[in-house]
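Below is one structure, written out as structure tokens; the observations come after it.
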């Protein structure tokens with residue numbers, strides 16, 4: 001297990017990283033604004049689960065495949081971009097009620113939103129490389145199981161991410177609720193969500209190799 005000093009340094013690094021606005025925070029904020037706090041939390045839960053998957057991949061050396069075989073990286077990258085583009089298309093085609101915080105339609109269930117967060121994270125190979133680059137700096141083989149240490153670090157990252165993104169979820173959901181009460185802004189949350197998905201797709205597809 002990592003010692004307290006290692007965990008403290010890692011926690012500081014995580015706080016600096018999670019407090020910096022990025023794709024995950026933008027996705028969580030837009031989902032919270034479009035469908036409320038519970039959906040924002042479901043999105044974050046999916047992203048956090050994806051982080052554990054990437055951590056396990058790093059622990060077993062699977063993430064290094066992207067470094068050894070660039071074609072594998074590109075396949076995952078383009079698959080992720082296509083998935084995000086499909087989500088953007090679905091958001092733009094919504095009739096304007098499915099994303100209202102009070103609607104809660106079955107086709108946008110918490111489980112589905114969780115899976116969207118999970119797959120968005122899993123299909124981002126840059127997340128795998130991020131874990132591979134950051135975590136080994138805080139892992140010490142002499143301290144015990146490397147896989148166990150990586151899972152502990154992933155838990156620390158997710159807990160700090162929950163604290164930071166929790167504030168984002170609360171703020172964004174209040175803004176979304178306020179907008180949903182104004183007739184001319186009823187489609188604004190879904191347009192925002194579609195724009196976020198489209199932007200993430202473009203960023204993943206055209207943002208460079210690694």
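The values are calculated or read from the model by the stated rules, or taken from the named source; none is laboratory data. This structure is a prediction, so every number in the text was calculated from the model and none was measured. Reconstructed Cβ throughout: ideal geometry from the backbone, glycine too, with neighbour counts over all protein chains shown.
Figures for the structure shown
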| read-out | value |
| --- | --- |
| Tally of residues being part of a helix (DSSP H, G or I), more than 21 Å from the chain's Cα centre (by Cα) and under 17 Å from residue 14 (Cβ atoms) across the range 137-165 | 3 |
| Among the candidates 39, 30, residue that is at pLDDT 90 or above, in contact with a helix residue (DSSP H, G or I) (Cβ under 6 Å, 6 or more places away or on another chain) and more than 13 Å from residue 162 (Cβ to Cβ) | 39 |
| Qualifying positions in the range 148-178 - modelled with pLDDT of 90 or more, more than 17 Å from residue 42 (Cβ to Cβ) and buried (at least 21 other Cβ atoms within 10 Å of the Cβ) | 153, 154, 157 |
